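Okay, structure first, notes after.
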Amino acid sequence: QVQLVESGGGLVLPGTSLRLSCEASGCTFSSYALGWYRQAPGKQREFVATIDQHWLSSYFVKSVKVRFPISRYDAKNTLYLQMNDFKPGDTAVYYCSKGPNFDTWGQGTQVTVSS
């Protein structure tokens, strides 16, 4: 019933910026915490950041804490991840997820950082 659809990924150059979006349906969007996680090639999935119902954000990857602000626009049922100053280590499939258990996810969007 709950669906999450990520978009906005692509092939990017180091140092450039991109914004990922996640559109949600089938839930009361404003009532839930939301988050982004990623899985890099050959690496385990890791949570990047979350944002709760009160717009309080938490970061779990130190390398992106400053570079990747997380935000939400509840009127559009959309979660965002503004990705700035790309580094090669940011290459991954990025997924969004919904609280409280973060057991629902979208199909993911690929971000590839290459020069």
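Table for the structure above
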{"read-out": "Matching residues in region 47-66 - criterion: being open to solvent by less than 70 Å² (accessible area, probe 1.4 Å) and under 13 Å from the mean Cα position of the chain (by Cα)", "value": "PHE47, VAL48, ALA49, THR50, ILE51, SER57, SER58, TYR59, VAL61, VAL64"}
{"read-out": "Qualifying residue in region 22-34 (condition: of a type in the set (Asp, Glu), on the phi < 0 side of the Ramachandran plot, open to solvent by 70 Å² or more (accessible area, probe 1.4 Å) and in contact with a strand residue (DSSP E or B) (Cβ under 8 Å, 6 or more places away or on another chain))", "value": "yes"}
{"read-out": "Count of region 80-96 residues which are touching a Gly at 6+ places or on another chain (Cβ under 8 Å) and buried (at least 21 other Cβ atoms within 10 Å of the Cβ)", "value": "4"}
{"read-out": "Set TRP36, TRP105: member being of a type in the set (A, V, I, L, M, F, W, C), at pLDDT below 95 and within 11 Å of the chain's Cα centre (by Cα)", "value": "TRP105"}
{"read-out": "Pair list, Cβ under 8 Å, 6 or more apart: region 70-86 residue at negative phi, other residue among the acidic types (Asp, Glu)", "value": "LYS76/GLU23; THR78/GLU23; MET83/ASP90"}
{"read-out": "Contacts under 6 angstrom Cβ, first residue in region 46-68 being farther than 25 Å from PRO88 by Cβ and in contact (Cβ under 8 Å) with a residue 24 or more places away in the chain, partner among the basic types (Lys, Arg) and not in a loop (DSSP other than H, G, I, E, B), 6 or more apart", "value": "ILE51/ARG72"}
{"read-out": "Selection count, region 97-115, where residues are closer than 24 Å to LEU13 by Cβ, open to solvent by 20 Å² or more (accessible area, probe 1.4 Å) and of a type in the set (Val, Ile, Thr)", "value": "1"}
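The values are calculated or read from the model by the stated rules, or taken from the named source; none is laboratory data. These numbers come from a predicted model, not from an experiment. Note: ideal-geometry Cβ built from the backbone for every residue, glycine included; neighbour counts use all protein chains shown. The protein model used for the area step is the full one, side chains on, heavy atoms only, and it has no ligands, DNA or RNA in it. Shrake-Rupley method; radii C 1.70, N 1.55, O 1.52, S 1.80 Å.
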